[in-house]
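Okay, structure first, notes after.
Values quoted throughout were computed directly from the atomic coordinates according to the rules given, and no laboratory measurement underlies them. Bear in mind that the values here come from a model prediction, so they are computed numbers and not experimental data. For neighbour counting, all protein chains shown are included, and Cβ atoms are generated from backbone atoms with ideal geometry for every residue, glycine included.
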Amino acid sequence: MRRTNALLLLICKFAMLIAAVACGGSRSASPSNASNKPAASPQATQLPKPKNGDYPGKGTVTKINADLGSVEMDHDDIPGIMPPMRMEFFVSDKKLLDGLKVGDAVDFTLRYTDGQEIIVAIARIR
């Protein structure tokens, strides 16, 4: 019985060693100055909650969904709301999308109300 337990223990230790090597890890792999805290990322920073209101923006149309009433844009920074990014926005009226094409540079007005954003005006930049 002792021999069986010792053999099982040895097999378990060997299996753990193989698993650690296969996963690329070891107990001594972490640097001595590393902390247990995750590294802070720029996205992890909490921005203050925007105030309700209209915010001007500039962007380039990357996709239009007239049936859904949305427009996707690569937009510049919208101060007080969000940093530059590609994002899809709904429009307050589908007619706002008339005449827009993918690739158009646009000025737009984003209305922020209690955590919801919607485009209330959008026009091609000529």
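Cα centroids of the range 50-70 and the range 106-126: 5 Å apart.
If only the Cβ of Lys and Arg carry +1 and only the Cβ of Asp and Glu carry -1, the dipole of the range 50-124 around its Cα centre is close to 100 debye. With 0.36 nm allotted per residue and the present C-alpha distance subtracted, the residue 52-residue 93 stretch has 12.8 nm of extension available. Derived scalar couplings between HN and Hα for the range 63-71 equal 6, 10, 10, 5, 5, 7, x, 9, 9 Hz in order, rounded to whole Hz, by the Karplus curve 6.51 cos²θ - 1.76 cosθ + 1.60 (θ = phi - 60°), x for Gly and Pro.
Determine which aspartates and glutamates satisfy two conditions relative to residue 101: a Cα distance under 17 Å, and not lying fewer than 8 residues away in the same chain. The reachable aspartates and glutamates, counting only those whose Cα sits under 17 Å from residue 101, are 67, 72, 74, 88, 93.
Radius of gyration over Kirkwood radius for the range 50-124, both on Cα atoms: the Rg/Rh ratio is 0.93.
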